[in-house]
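Comments concern the structure below.
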Amino acid sequence: MADLLTDDEIESKLPDGWDREGDEIVRTYEFDAYLDGIGFASGAGGVAEDAWHHPEMTIRWGEVEVRLTTHDAGGITDNDIGLAERLNEIYD
């Protein structure tokens, strides 16, 4: 099982655009059209499956909200930070 990060570690490692909400890190990605968000969510799903770390994603018109936490560890770990970084890369 992955080790929980301390508050200071989370603060220093949190990727651009991501915020902390309790035991999760959260980012809302914005798009010009609904299908652009669907495409991103599909790509994000592939990245998550490769990492075997599955986020909660909410798709709305023009945006996809992604929430990451490591359930079996009970909070935020390096697995969450790493997947957040990879999602930022496919968004850019």
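On the given criteria, is Leu87 in contact with a Pro (Cβ under 9 Å, 6 or more places away or on another chain), of a type outside the set (Phe, Trp, Tyr) and touching a residue at least 60 places away in the same chain (Cβ under 8 Å)? Spell out the reasoning first.
On the way: in contact with a Pro (Cβ under 9 Å, 6 or more places away or on another chain): yes; of a type outside the set (Phe, Trp, Tyr): yes; touching a residue at least 60 places away in the same chain (Cβ under 8 Å): yes.
So Leu87 fits the description; yes.
Across the stretch 68-79, what is the number of residues that are loosely packed, with under 15 Cβ neighbours inside 10 Å and either hydroxyl-bearing (Ser, Thr, Tyr) or within 13 Å of Glu24 (Cβ to Cβ) (or both)?
2
I'm trying to understand the selection: among the residues of the stretch 58-88, which are under 11 Å from Ala44 (Cβ atoms) and out of contact with any strand residue (DSSP E or B) (no Cβ under 7 Å at 6 or more places or on another chain)?
Answer for the stretch 58-88, where residues must be under 11 Å from Ala44 (Cβ atoms) and out of contact with any strand residue (DSSP E or B) (no Cβ under 7 Å at 6 or more places or on another chain): Ile59, Arg86, Asn88.
So, of the residues in the stretch 1-11 that are of a type outside the set (D, E, K, R) and in a loop (DSSP other than H, G, I, E, B), which turns out to be surrounded by the fewest Cβ atoms within 10 Å (Cβ to Cβ)?
Just the residues of the stretch 1-11 that are of a type outside the set (D, E, K, R), to begin with: 1-2, 4-6, 10.
Filter once more, keeping what is in a loop (DSSP other than H, G, I, E, B): 1-2, 5-6.
Details: Met1: 8, Ala2: 15, Leu5: 22, Thr6: 10.
Looking at residues that are of a type outside the set (D, E, K, R) and in a loop (DSSP other than H, G, I, E, B), I get Met1.
Answer yes or no as to whether Trp18 is farther than 14 Å from Ala84 by Cβ and either in contact with a His (Cβ under 9 Å, 6 or more places away or on another chain) or among the aromatic types (Phe, Trp, Tyr) (or both).
Details: farther than 14 Å from Ala84 by Cβ: no; either in contact with a His (Cβ under 9 Å, 6 or more places away or on another chain) or among the aromatic types (Phe, Trp, Tyr) (or both): yes.
Criteria not met by Trp18.
State yes or no: is Ile25 touching a residue at least 12 places away in the same chain (Cβ under 8 Å), crowded, with 18+ Cβ neighbours inside 10 Å and under 13 Å from the mean Cα position of the chain (by Cα)? Reasoning before the result, please.
Values: touching a residue at least 12 places away in the same chain (Cβ under 8 Å): yes; crowded, with 18+ Cβ neighbours inside 10 Å: yes; under 13 Å from the mean Cα position of the chain (by Cα): yes.
Here the answer is yes, as Ile25 does meet what is asked.
Working carefully through the options Leu4, Leu14, find the one that is out of contact with any Gly (no Cβ under 7 Å at 6 or more places or on another chain) and not aromatic (Phe, Trp, Tyr). Explain how you work it out, then say what you get.
Details: Leu4 fails: out of contact with any Gly (no Cβ under 7 Å at 6 or more places or on another chain).
Of Leu4, Leu14, the one residue that is out of contact with any Gly (no Cβ under 7 Å at 6 or more places or on another chain) and not aromatic (Phe, Trp, Tyr) is Leu14.
Could we say that Gly43 is closer than 16 Å to Ile90 by Cβ and of a type outside the set (Lys, Arg) here? Spell out the reasoning first.
On the way: closer than 16 Å to Ile90 by Cβ: yes; of a type outside the set (Lys, Arg): yes.
It is true that Gly43 is closer than 16 Å to Ile90 by Cβ and of a type outside the set (Lys, Arg).
All of the numbers you see were taken from the coordinates with simple rules; none came from a lab. Just so we're clear, the structure is a prediction, and the values are computed from it rather than from any experiment. Ideal geometry is used to build each Cβ from the backbone, glycine not excepted, and the neighbour counts take in all protein chains shown.
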